[in-house]
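Student: Below you'll find the structure I mean.
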Amino acid sequence: MEPEPLDFDSPEGDPVRWEVEAEPWQDPFERRITHLASGTKLVQRRVPRAEGRDREYLYDLLENEARMGARLLTRLRRSYPPELPRLIGFSLDQEEPFVLLYDYRGEPVSRWFGALLISEQRTLQASLFRAVRILSACDIVHRRIEPATVRWDGATVQLTDLSHATLAGTRRLRMGEAPYASPAQRSGEGVASTADDLWSAGMVIYRTVTGREITGVPDLSATPALQPLADVFSGSPPTAQEVLARLRMPDPMQSLPVERDLGLEEGRAAFDRAREARREPVTEQVTQARPVPAEEETDRSLPWWARWLPLGVLLVLLVVLWVVTR
């Protein structure tokens, strides 16, 4: 492999040039490269020119991966977990834009369907739910947890591909397919929630541990190792912390400091207040009846002839007075 220059921007926006050795593009969207100065192994994810011409949404997905990767770096800057992909940089203005990540660990879990040891089954569960818990602490919903995006190296899971991720609380979009996407996510109802990722993680774990195809909500009763997932597929799922506690694993956020994005939180709070303020007049108009004055209530309680009687008497008196004075 011949060395080649690679120009990109760091997550902080600084221009960077590295000399790298790159493998051929066997996958049109990814290739492995090596930073010559450090020997660091990297993954370059791109949108090929031909693919982008036919499917422009691929550019949005790549940009979203860079955005979510930068968010994780900001929120987890003091201690980055091995369960998540780590962004190195990006170049989004080229004809074939790309993002640059540290190389993935392990291989897709599909390689181990039905082949894990009992001890490995527990470790896999704990590691994947750690990933979901860390994402939730950063207000991120992955939305595409499935065998192709979950890798396993025998000790730790790595959750890859943040291109479809979104912020918790944003409107759900119809996305994914059964069995890995939750029913709410497939229907696009409500707002994105960590419960979506819990459902997906539970399905991946069931498929990997049992090796069985999934046709509906799985029956966990015959698999003791999966009892901590008992209500993950229910209408009231547990939190990722609760599942980790059942696995007798500590909450990773006790040792992973998260930098809060105060600007984002204040902006979202202001948006919520403005939205509620706009809703209030509409709600009052629909739900509150206009009070009726006492006189109007009295008038409505009388028969029609009683309401016209005073006017009739007055007319009769006027007619009599006219006859007398002729």
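The values are calculated or read from the model by the stated rules, or taken from the named source; none is laboratory data. Since the model is a prediction, treat every value here as computed from it, not as a measurement. Every residue, glycine as well, gets a Cβ built from its backbone with ideal geometry; the counts of neighbours run over all protein chains shown. With ligands, DNA and RNA removed, areas are computed over all heavy atoms of the protein, side chains included. Shrake-Rupley method; radii C 1.70, N 1.55, O 1.52, S 1.80 Å.
Student: When I145 is evaluated against the numbered criteria (1) on the phi < 0 side of the Ramachandran plot; (2) open to solvent by 30 Å² or more (accessible area, probe 1.4 Å); (3) of a type outside the set (G, A, S), which criterion, by number, is the only one it fails?
Tutor: Of everything listed in (1) on the phi < 0 side of the Ramachandran plot; (2) open to solvent by 30 Å² or more (accessible area, probe 1.4 Å); (3) of a type outside the set (G, A, S), I145 misses just condition (2).
Student: To continue, here is another question. I'd like to know if region 242-260 contains one or more residues that are within 21 Å of the chain's Cα centre (by Cα), modelled with pLDDT of 95 or more, of a type outside the set (V, I, T) and open to solvent by 40 Å² or more (accessible area, probe 1.4 Å).
Tutor: Yes, some residue in region 242-260 is within 21 Å of the chain's Cα centre (by Cα), modelled with pLDDT of 95 or more, of a type outside the set (V, I, T) and open to solvent by 40 Å² or more (accessible area, probe 1.4 Å).
Student: So is S79 out of contact with any strand residue (DSSP E or B) (no Cβ under 8 Å at 6 or more places or on another chain), in a loop (DSSP other than H, G, I, E, B) and modelled with pLDDT of 95 or more or not?
Tutor: For S79, the condition - out of contact with any strand residue (DSSP E or B) (no Cβ under 8 Å at 6 or more places or on another chain), in a loop (DSSP other than H, G, I, E, B) and modelled with pLDDT of 95 or more - is not met.
Student: Sticking with this structure for a sec: Could you identify the single residue in W112, W18 that is surrounded by 13 or more Cβ atoms within 10 Å (Cβ to Cβ), aromatic (F, W, Y), in contact with a strand residue (DSSP E or B) (Cβ under 9 Å, 6 or more places away or on another chain) and within 24 Å of P147 (Cα to Cα)?
Tutor: Exactly one of W112, W18 is surrounded by 13 or more Cβ atoms within 10 Å (Cβ to Cβ), aromatic (F, W, Y), in contact with a strand residue (DSSP E or B) (Cβ under 9 Å, 6 or more places away or on another chain) and within 24 Å of P147 (Cα to Cα), namely W112.
Student: What are the pairs with Cβ atoms under 9 angstrom where one residue, in region 1-18, is closer than 14 Å to R32 by Cα and touching a residue at least 24 places away in the same chain (Cβ under 8 Å) and the other, located anywhere, is open to solvent by 60 Å² or more (accessible area, probe 1.4 Å) and among the aliphatic types (A, V, I, L, M)? Sequence gap at least six, or different chains.
Tutor: Short answer, once both residue conditions are applied: P3/L36.
Student: Here's a check for you: in region 207-225, which residue that is under 17 Å from R246 (Cβ atoms) and in a helix (DSSP H, G or I) is farthest from the chain's Cα centre (by Cα)?
Tutor: P224
Student: Limited to region 182-203, what total is found for residues that are surrounded by 21 or more Cβ atoms within 10 Å (Cβ to Cβ) and within 21 Å of D60 (Cα to Cα)?
Tutor: Residues in region 182-203 being surrounded by 21 or more Cβ atoms within 10 Å (Cβ to Cβ) and within 21 Å of D60 (Cα to Cα): 2 in total.
Student: List the pairs whose first member sits in region 211-236 and is surrounded by 12 or more Cβ atoms within 10 Å (Cβ to Cβ), whose second member is among the aromatic types (F, W, Y) and part of a helix (DSSP H, G or I), and whose Cβ atoms are under 6 Å apart, counting only residues at least 6 apart or on separate chains?
Tutor: Every condition considered, the pairs that remain are P218/Y206.
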